[in-house]
Ligand SMILES: [Zn+2]
């Protein structure tokens with residue numbers, strides 16, 4: 001069963017870069033071992049062109065990272081995503097933080113999502129200058145990597161726009177028996 005869900009290659013490239021920075025070439029080798037040979041060759045091609053990568057590859061990398069370094073937790077991956085966000089925001093999403101208004105980043109979540117993921121959608125439930133609540137529908141192809149990614153990325157994006165003490169509550173998650181992935185974020 002092939003899904004057509006993809007993710008922008010810049011995220012995958014970011015993951016590999018950070019693993020290399022932290023664990024060297026051996027770390028990257030360990031990370032890649034679990035991918036099928038076809039996926040490995042394929043990946044090199046996308047990364048050269050920053051094209052879109054199948055959601056399945058993201059899920060594989062996420063599971064492997066958890067296995068190797070995450071001690072079964074998604075926090076490690078969220079931290080990685082924070083670093084990736086920093087790189088990404090500093091380059092082509094720089095305008096988002098340039099006004100120093102966290103709410104601009106928060107209100108852009110549906111568009112940022114669309115930029116990176118071609119499947120699923122963000123539905124805003126409420127937003128103030130200090131908080132947002134939203135849920136995601138149809139992002140299942142990305143697995144829990146999506147939730148951990150949103151948490152890390154969101155934290156970093158808001159902090160870079162000047163938010164202090166960013167708190168993300170994602171207890172309401174489909175991977176933990178809930179009906180949908182619901183995020184409550186607030187900051188100072
Ligand atoms: Zn979730």
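Highest mean first, the peptides 148-155, 107-114, 79-86 sorted by other C-beta atoms within 10 Å per residue fall in the order 148-155, 79-86, 107-114. Taken over the range 6-69, the convex hull of the Cα atoms encloses 72 Å³ per residue. For the range 98-127, list residues with backbone N below 16 Å from a point placed 7 Å from the Cα of residue 90 toward its Cβ? Under 16 Å, as judged by backbone N against the label point of residue 90, lie 98 of the range 98-127. Short to long, the 10 Å bins of the Cα pair-distance histogram for the chain hold 9, 38, 37, 15, 1 percent of all pairs. Across all directions, the shadow cast by the convex hull of the range 91-186 built on its C-alpha atoms averages 5.7 square nanometres. Subtracting the Cα-Cα distance of residue 124 and residue 4 from 0.36 nm times their residue separation leaves 40.7 nm of extension gain.
Every number in this text was worked out from the coordinates using simple rules, so none of it is lab data. For clarity, every value in this text was computed on a predicted model and none was experimentally measured. As a convention, Cβ positions derive from the backbone with ideal geometry for all residues, glycine included, and neighbour counts pool all protein chains shown.
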